[in-house]
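No lab work stands behind these numbers, since they all come straight from the coordinates. Here the structure is a predicted model, which is why all the values come from computation and not from measurement. As a convention, Cβ positions derive from the backbone with ideal geometry for all residues, glycine included, and neighbour counts pool all protein chains shown.
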Amino acid sequence: MRTVTPEYLEKLKNGNSAYATIVNTPRPDFTELDRECEEFKTWIQEEHKKDRAIMLEALKANGRL
């Protein structure tokens, strides 16, 4: 059994292993994704407002409100 020591982790980090690849890969840039998410959020909020207005109008037309 291997004991996880700081030296062992350093060896893994600097070696040629899957762990080293994962640890040494730079973080992805989520700028574009964040922008698209914000656009979708505003769009879906507007669509929900439209749907609520349609449902409210239908309730009023049926005399339930």
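Given the convex hull over the Cα atoms of the chain, what projected area results after averaging over all orientations, in nm²?
With the hull built on Cα positions only, its mean projection is 9.7 nm².
How far, in nm, would the chain grow between D34 and I54 when pulled straight, counting 0.36 nm per residue and subtracting the alpha carbon separation?
4.2 nm is the gain from fully extending D34 to I54.
Can you tell me the orientation of helix 31-61 relative to the chain, as the angle in degrees between its alpha-carbon axis and the longest Cα principal axis, to the nearest 10?
Compared with the principal axis, the helix lies near 20 degrees.
Compute, for the chain, the length of the dipole vector about the Cα centre, with Cβ point charges of +1 (Lys, Arg) and -1 (Asp, Glu) only. Units Debye, rounded to 20.
It works out to roughly 340 debye.
If you plug each phi of the stretch 24-29 into the Karplus form 6.51 cos²θ - 1.76 cosθ + 1.60 with θ = phi - 60°, what whole-Hz ³J(HN,Hα) values come out, in order, with x for Gly and Pro?
Calculated HN-Hα couplings, in order: 8, 6, x, 5, x, 8 Hz.
At a Cα cut-off below 18 Å, give the lysines reachable from K41, other chains included and same-chain residues fewer than 8 away excluded.
The qualifying lysines are K49, K50.
Specify which residue in the list T42, L65, N24 is farthest towards the positive end of the charge dipole of the chain, using unit charges on the beta carbon of Lys, Arg (+1) and Asp, Glu (-1), about the Cα centre.
Highest projection toward the positive end goes to L65.
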